[in-house]
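Structure record follows, encoded as structure tokens.
All of the numbers you see were taken from the coordinates with simple rules; none came from a lab. All values derive from a computational prediction rather than experimental measurement. Using ideal geometry, Cβ is built from the backbone for each residue, glycine included, and neighbour counts are taken over all protein chains shown.
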Amino acid sequence: MLEVHLLTLFPEAVESYLTASILGRAQKAGLLQVHVLDFRRFAAGKHKHVDDRPYGGGPGMVLKPEPIFSAVEWVESEFGPCHKILLTPSGTPFRQQLAHQFSQEPRLLLLCGRYEGFDERIRIGMEWIEISLGDFVLCGGELGALAVIEASARLLPGALGHEESAVFESFTNPQLLDHPHYTRPEVFRGMAVPDVLRSGHHQEVDRWRQERAMERTRARRPDLKPTQPTDKPLE
Ligand SMILES: C[S@@+](CC[C@H](N)C(=O)[O-])C[C@H]1O[C@@H](n2cnc3c(N)ncnc32)[C@H](O)[C@@H]1O
């Protein structure tokens, strides 16, 4: 079972996504538990300020350390130590290998930023793995947190039905993209399903899929340096 604590200022932005489809099913099946926590609850004073102006001047507001430290400490004292993930454009790009690693943790905590981001003491005063969704800037960490939760949870044994298997897909071998897929009809607008896929010859089908996966990876992602398709499964 994977337990996740998602710390955000906008719980309503994540709640419906978390209850739909595979994430909802995984929670109902007891494979996944997600607790969404609005860290504004831990801000002091009548106005519950979670942000303030930056030292040194400049535009925007910065997330204050006190409410975030209090929220994280509360979660860890109530539930136990967490593998802590901070969403930031300056983090390590999120990859399938990290999803595998996270899916094997008992408890994750994801912290979503907003505004100009975090007071630096939040980063340095606690132990985080800093994760980026990519080289672009979003308004908040919520989409990144949902991506991390979904990519990790779908790898939990039993989370996907047979028809949604995660055994053979892009990055199962970290150096390989998926092969093309076809379904009915046999011919659509003059485009036919390759003969080999209708041949019933399993070895030929496997070979065709491996070759197409290699071809596609070389063409689209030469940086992955594709080698043999099945020689490097994820640990
Ligand atoms: C507007 S952004 C802050 C950007 C920050 N000033 C910078 O330039 O790196 C507000 C929050 O959105 C989240 N965020 C934005 N882009 C992200 C990305 N590419 N990956 C992960 N989180 C992101 C982070 O939590 C960040 O603290």
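Counting helices only, and only those DSSP H runs with n ≥ 4, report the 222 nm mean residue ellipticity of the chain as the sum of -39,500 (n - 2.57) divided by its residues, in deg cm²/dmol to the nearest 500.
When only DSSP H runs of four or more count, the value is -10000 deg cm²/dmol.
With the chain treated as a Gaussian network of Cα nodes joined by springs under 10 Å, which of 120, 186, 204 yields the largest mean-square fluctuation?
Of the options given, 186 has the highest mean-square fluctuation.
So, in the stretch 2-153, how many Lys pairs have Cα atoms under 26 Å apart, if the pair is 8 or more places apart or on different chains?
Taking the stretch 2-153 as the scope, the lysine pair count is 5.
For the stretch 3-91, which trypsin sites (Lys or Arg not before Pro) are both in a DSSP coil and crowded by at most 10 other Cβ atoms within 10 Å?
46
Output ³J(HN,Hα) for the stretch 200-205: one whole-Hz value per residue in order, computed from phi by the Karplus curve 6.51 cos²θ - 1.76 cosθ + 1.60 with θ = phi - 60°, and x for Gly and Pro.
x, 9, 4, 5, 5, 4
Counting Lys +1, Arg +1, Asp -1, Glu -1, what net charge surrounds residue 17 among other residues with beta carbon under 14 Å of its beta carbon?
Computed value for this residue: -2.
When DSSP beta bridges are limited to those with both residues in the chain, what percentage is antiparallel, rounded to the nearest 5?
15 percent
Would you mind checking which residues have amide H under 5 Å from residue 83's amide H? H placed 1.01 Å from N; only 5 or more apart, or other chain.
Here 107, 108, 109 satisfy the definition.
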